[in-house]
Every structure is written in structure tokens, then in C-alpha cells.
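Report on the structure given below.
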Amino acid sequence: MFCDEVLETIELIAAGELTASAPLAEHLASCHGCGAALAAARRVDALLRSRVAPAPPANFSARVMNRLRLARWRGEQVLDWGFNIALVTAGVVVVLGLWMAMRQSGLVIVSSDAVQMFESGMTLLARRISPSLPLYSAATVVLGTALAIWWWAERDAAL
Amino acid sequence: MEPVNERELVERCRRGDEGAFQELVDGYKDLVFALIARTIQDRSRAEDLAQDVFLRIHRGLPYFRGEARLSTWIYRIVANVCVQERGQQANAGATLSLDDTRAPVRTPAAADRQFSDLELRDRLEKAIAQLPAQQRLLVAAHYLQGVRYEDLAEALRMPLGTVKTHLFRAKQQLRRLLEP
């Protein structure tokens, strides 16, 4: 039996998946090189079997679940924004469509009178509320802050 | 995990049961982390990648047809993640040698009491780091309890004989690298 034939089977024998036949065993016993190769292969196999499996950190599951919840929350935010943008776009399209329809039908003259009346009404309203403008600005800031806190709390709850 | 329990767990996860998915994570986190940590050999990166595996599992559960075992499917995802990571490392110019001074990922075991044994294990880890990613994954997976040749062949979509050949070549290479 030749060494190159034997060396092809070394790993199988070392892994316990092949039992050496009588000629093979005789060669391994008598050939220093092949015997040493088998011993080295068995040593490598034993070392590989005795490797301790690295363990995940204690909070691994919690981290995975947190990442999952964050990914889900981000997905919901994208949907929310997309829905809001679609609503605004639809509103703009409807208003433009109405304006074009009124223009084509000649109602724009009537609508321009209505717009002028609306503008004068708003101007009158602005003059009346301008003394209280700081109060209304502060109320707007408070409302905006409340909305931001609510959004943040919703994000925290989702996570 | 028994096949019947696996199917039930997958169905519960598909119905949005967060507790079921946590069970799945708890059931497979040791295997997934060990496979990745032994293949990537950078513990902090291995943690991130192991988390990515479970996020991919969660995204892919609605499409999991159940033709293969859940564990086989998970091995496949782990293999893909490891190969992608290896590709990114190659693009970034990362190189490894037996003289690499980075500490290998290992947990001290009761058997590591003599310096020669410790040194040999250290050399083994560095030799494993020299193997191609696929061989490294096969070595890591085969020597973890319960991962059979057949499971690996199914997970990696390779013939059984090819898996065995790759594994034996890997061990031959390790033997050569560990020769004094």
C-alpha cells in the first residue's frame, strides 16, 4: 500500500468514520510518516471537538427584541408619513381641480369676488386679534411641545 | 427542537405572537452566536451579525414554506450572513495571518490548565482564521453538537459528498498549519 493512498483516508480514520482495514492498519503501524500524520489528524480532531462554544451575552434576546420593536416602529412611522403626504397631495389636487373647473366654467369671477371678501374678512380679523398675538403664539408653542411629547411617548411605548 | 413544535412555533410567530418569537430567539441564540463567533472571530461584530440573523428570520418567516426544517433554514441564513461579512471584510482590505495579534474568540475552559495546551488552542484558532469562510463555517458547524453532515448539506445546498470533502480539506489544512 502506498503512502499517498493511505494519506487520503487519514482524515476519515481520525474522525472515526472509517475503520482501517488490515493492510491499512499494517501500513500505519510501520510507516513513520503516515503514522505521524494520523496522530496529528487525531489531535486536530480532538482539539476541534473540545472547543468551547462561545456563548452570547446575557441580554442578547432582549437586544434582539428591542431592535425588532425599533424596526417595526420605524416602519409604522414611514407609513404614517406616507399617508399624511398622500392626504395633503390629494387635498391640493382637489383644490387645484376645483379652481380649474371654476375657471373654465367662468365661475372664477364669482370666486375671485368671494376670495376678495374672504381676504378682507381675514384682514379685519387679523387687526382685531393682533393685540393678543403674543398670547396666541405662546399657545401655539405649548401645543407644539405637547404634540412633540406625545410623539416621543408613543415612540417609547412602541419600543 | 421537534419538527411538530417547530411548525407550531413558526405559526405562532407568523400570527404576530412576540412571545413566540422570543422563544425562537432563546432556542437558537446559542447555536447562531457560536456559529458566527467561530466564523467571524470578532466578538463585537459577531453579536451584531447574530442579531441581524434573527431580524432576517423575523422578516422571512411569512415566506418560510416549511419544506426544510427551521434549523436548516436558520443555518442557511447564518451562512449567507457570514459570506456577506467576509466579502465586506475582503473589500475593506482585512487580512489575517498566523501572527495576527488580535485575540481569538474563546472562552476559557477547565481543560486549559497548561501553557502548552493553551498555546496549541491559540494556534488552532489562528489557523482556523486562515481558512476560507465556507470551510471555517463548516468546521464551526460540524463540531457543534447536533449539526450533522446532512443538515449542513441541506442548509448550504451542497451535495453531501462535497460537504465532507470541504471539511476534510479544512482539517488537512489545519493539520499542516499546526505542524511545528
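What follows draws every value from the coordinates through simple rules; no lab data is involved. Fair warning: this is a prediction, and the values are worked out from it, not measured in the lab. With ideal geometry, Cβ positions are generated from the backbone for all residues, glycine too; neighbour counts draw on all protein chains shown.
One chain, two ends: residue B:120 and residue B:45. Fully extended at 0.36 nm per residue, the span grows by 24.5 nm beyond their Cα-Cα distance.
Loop-located trypsin sites (Lys or Arg not before Pro) in the stretch B:7-56 (DSSP state not H, G, I, E or B) with no more than 11 neighbouring Cβ atoms inside 10 Å: B:15. Restricting the stretch A:89-151 to chymotrypsin sites (Phe, Trp or Tyr not before Pro) that sit in a DSSP loop and have at most 14 other Cβ atoms within 10 Å of their own Cβ leaves nothing. For the listed peptides A:48-59, B:123-134, a ranking on the average number of other beta carbons within 10 Å per residue, highest first, reads B:123-134, A:48-59. Shielding of peptide A:57-69 by partners, expressed as the average count of other chain Cβ atoms within 10 Å per residue Cβ, is 5. Partner shielding of B:169-179 amounts to 4, given as the average count of beta-carbon atoms from other chains within 10 Å of each residue beta-carbon.
Near residue B:82: Cβ cut-off under 13 Å, other residues only, Lys/Arg at +1 and Asp/Glu at -1. The net charge is +2.
Within chain A, the longest run free of GluC sites (Glu not before Pro) that sit in a DSSP loop with at most 16 other Cβ atoms within 10 Å is A:18-159. Peptide B:38-47 shows a mean partner chain C-beta count of 1 within 10 Å per residue C-beta.
Whole-Hz Karplus values for the stretch B:123-129 come out as 5, 4, 4, 5, 5, 4, 5 Hz, taken residue by residue from phi with 6.51 cos²θ - 1.76 cosθ + 1.60 and θ = phi - 60°; glycine and proline positions read x. Note on residue B:158 and residue B:68: the extension gain reaches 31.0 nm, defined as 0.36 nm multiplied by sequence separation minus the Cα-Cα distance.
Computed from phi, the 3J(HN,Hα) profile of the stretch A:31-45 under the Karplus parametrisation 6.51, -1.76, 1.60 (θ = phi - 60°) reads 9, 4, x, 5, x, 5, 4, 5, 4, 5, 5, 5, 5, 4, 4 Hz, with x in place of Gly and Pro.
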